[in-house]
1. Name every residue in the range 30-54 that is at pLDDT below 95 and of a type in the set (K, R), in order of residue number.
2. Of the residues in the range 50-82, how many are out of contact with any strand residue (DSSP E or B) (no Cβ under 7 Å at 6 or more places or on another chain), within 17 Å of K28 (Cβ to Cβ) and among the small types (G, A, S)?
3. Which of the residues spanning the range 68-103 are hydrophobic (A, V, I, L, M, F, W, C), part of a loop (DSSP other than H, G, I, E, B) and touching a helix residue (DSSP H, G or I) at 6+ places or on another chain (Cβ under 9 Å)?
4. Of the residues N79, N85, which single one is among the polar types (S, T, N, Q) and surrounded by 14 or more Cβ atoms within 10 Å (Cβ to Cβ)?
5. Filter the range 68-87 down to residues that are in contact (Cβ under 8 Å) with a residue 12 or more places away in the chain and more than 20 Å from I8 (Cα to Cα), then give me how many there are.
6. Just checking, how many residues over the range 65-76 are polar (S, T, N, Q) and crowded, with 20+ Cβ neighbours inside 10 Å?
7. Being in a helix (DSSP H, G or I) and either at pLDDT below 95 or among the polar types (S, T, N, Q) (or both) is true for just one of V57, V65, V27. Which residue is that?
8. Take the residues in the range 7-56 that are more than 23 Å from L93 (Cα to Cα) and of a type in the set (V, I, T), then tell me which one is surrounded by the most Cβ atoms within 10 Å (Cβ to Cβ).
Amino acid sequence: MEMVTRLIADKPVVIFSKSSCCMSHTVKALICSFGANPTVIEIDKLPNGQQIERALVQLGCKPSVPAVFIGQQFIGGANELFSLNIQNELAPLLIGARAIFIWAR
């Protein structure tokens, strides 16, 4: 858990991902479509990736990736992110985290 906290500190958007996960790719594309530049951590490419994955599961990430943090707050996975977008709540979260500064629909 502390490991995840260190990785998300001071970053507006962090996405924990696996390079082969299509949902992770879709989440990254959605966040980038707002003009944000997320920090992407590909856990399958890290030597301590299994430890990070266990910590994400302990936080409630099921499946473990994609796991999205905005403003150091755990948002959830793909379903939660897509729901926020449909409800027009994703852009305000990104603005609040200073990941983007303006948004026009």
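The values are calculated or read from the model by the stated rules, or taken from the named source; none is laboratory data. Bear in mind that the values here come from a model prediction, so they are computed numbers and not experimental data. Neighbour counts are summed over all protein chains in view; Cβ atoms, including those assigned to glycine, are modelled from backbone coordinates with ideal geometry.
1. Passing the criteria: only R54.
2. Number of matching residues: 2.
3. A99, I100, F101, I102, W103
4. On the way: N79 fails: surrounded by 14 or more Cβ atoms within 10 Å (Cβ to Cβ).
The match here is N85.
5. Counting residues in the range 68-87 that are in contact (Cβ under 8 Å) with a residue 12 or more places away in the chain and more than 20 Å from I8 (Cα to Cα) gives 2.
6. Kept after step one, since they are polar (S, T, N, Q), are these residues of the range 65-76: 72-73.
From what's left, crowded, with 20+ Cβ neighbours inside 10 Å: none.
Of the residues in the range 65-76, 0 are polar (S, T, N, Q) and crowded, with 20+ Cβ neighbours inside 10 Å.
7. Numbers: V65 fails: in a helix (DSSP H, G or I); V27 fails: either at pLDDT below 95 or among the polar types (S, T, N, Q) (or both).
Only one candidate passes the filter, namely V57.
8. I43
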